[in-house]
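Engineer: First the structure, which I've put down as structure tokens, then a few questions once you've had a look.
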Amino acid sequence: MVPAAGIGARMGAGLPKQYLPLNGRTVLEHSLWRLAACPGIAGIAVALAAQDAHWPQLALPPDVAVHTTTGGAQRCHSVLNGLHALAGLAQDEEWVLVHDAARPCVRVADIRNLMTYLADHPVGGLLGVPVNDTVKRADSAATIIETVDRHGLWRALTPQMFRYAALRCALQDSIKAGVTVTDEASAMEWAGHAPRLVEGQGDNIKITRPEDLPLAAYFLQQQQSE
Ligand code: C5P
């Protein structure tokens, strides 16, 4: 399930960030082709913005069924809509991977690792990277309140992989309760589950700000030469 319904306000570009050109393809095409290259992916559901005029121009991966649905106000609503679009296609206990459209540099090897490590896990989990930097908590004036112990801190990436029905319920219930969840793992944690982190590569960046695009272009080039 690929949420691709954001408007990318922080990019300040004319196009939503998932449609920005990156090494000859759009950001979203890179993400979709990488998912489609993973054995075991039965199909992809993509949540698009209601007025999306760019989707029909994309070159979609040929070997995987791609379904589209309309996104919602926030990422969690878009993901939930995407999960609803899979009703009748996915069984309750089957795994669903949720991957940000805006993470075009995810490595196929990392997705496969996630799927292999968690194949028998009762809950599921996500790709993550341990935090290397010293972390500060600050007030609204950027004055430091404290230095946070970084031991045990991870950055949460995507894909995030959970069982279809459990994820749908966790998202539905957390949204209903008015809890802000910015990833699937947060919804699962809120519902009382304990997801597992699987270490991935730090080049799986989320394109968010203008400076991320040349960085992603560089990472993709580097990956090709590996
Ligand atoms: O805005 P952010 O970087 O957190 O978005 C992460 C992913 O969620 C992007 O792929 C974006 O298109 C998607 N999204 C969505 N629906 C929203 C907001 C974001 O599908 N309402």
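Engineer: Can you work out ³J(HN,Hα) from phi for every residue in region 102-116, in order, using Karplus 6.51 cos²θ - 1.76 cosθ + 1.60 and θ = phi - 60°, giving whole Hz and x for Gly and Pro?
Structural biologist: Rounded to whole hertz, the list is 7, 10, x, 9, 4, 8, 4, 4, 5, 5, 5, 4, 4, 5, 6.
Engineer: Rounded to the nearest 0.05, what FRET efficiency do Asn23 and Arg112 give with R0 = 30 Å and r taken as the Cβ-Cβ distance? Could you check?
Structural biologist: Efficiency computed from Cβ-Cβ geometry: 0.85.
Engineer: Determine the dipole magnitude for the chain: charges of +1 sit on the beta-carbon of Lys and Arg, -1 on that of Asp and Glu, nothing else is charged, the reference point is the Cα centre, and the result goes in debye to the nearest 20.
Structural biologist: The dipole magnitude comes to about 340 debye.
Engineer: Just check the chain against the gyration tensor rule for me: Cα atoms, a ≥ b ≥ c as the square roots of the eigenvalues, rounded for a/c under 1.5, and otherwise prolate or oblate depending on whether a/b exceeds b/c.
Structural biologist: Here the chain falls in the rounded category.
Engineer: For the pair Ala59 and Gln224, what calculated FRET efficiency results from E = 1/(1 + (r/R0)^6), where r is the Cβ-Cβ distance and R0 = 22 Å, to the nearest 0.05?
Structural biologist: 0.75
Engineer: Pop the C-beta distance of Ala165 and Ala37 into the FRET formula with R0 = 25 Å and round what comes out to the nearest 0.05.
Structural biologist: Here the calculated transfer efficiency is 0.40.
Engineer: Can you give me the C-alpha center-to-center distance between region 134-208 and region 10-62, rounded to a whole angstrom?
Structural biologist: Taking the Cα centre of region 10-62 as reference, the centre of region 134-208 is 23 Å away.
Engineer: If each of His151 and Gln172 carries a label point 7 Å out from its Cα toward its Cβ, how far apart are those two points in nm?
Structural biologist: So the label points at His151 and Gln172 sit 4.2 nm apart.
Engineer: May I ask what percent, to the nearest 5, of DSSP beta bridges between residues of the chain are antiparallel?
Structural biologist: Taking every DSSP beta bridge with both residues in the chain, the antiparallel ones total about 55 percent.
Engineer: Within region 144-191, list the chymotrypsin sites (Phe, Trp or Tyr not before Pro) lying in a DSSP loop whose Cβ has at most 10 other Cβ atoms in a 10 Å radius.
Structural biologist: Listed in order of number, the matching sites amount to none.
Engineer: Of all the Cα-Cα pairs you can form in region 86-153, what percent are over 13 Å apart?
Structural biologist: Value for region 86-153 (Cα pairs over 13 Å): 76 percent.
Each value in this text was obtained by applying a stated rule to the coordinates, not by laboratory testing. Not measured: the values here are computed from a predicted model. Neighbour counts are summed over all protein chains in view; Cβ atoms, including those assigned to glycine, are modelled from backbone coordinates with ideal geometry.
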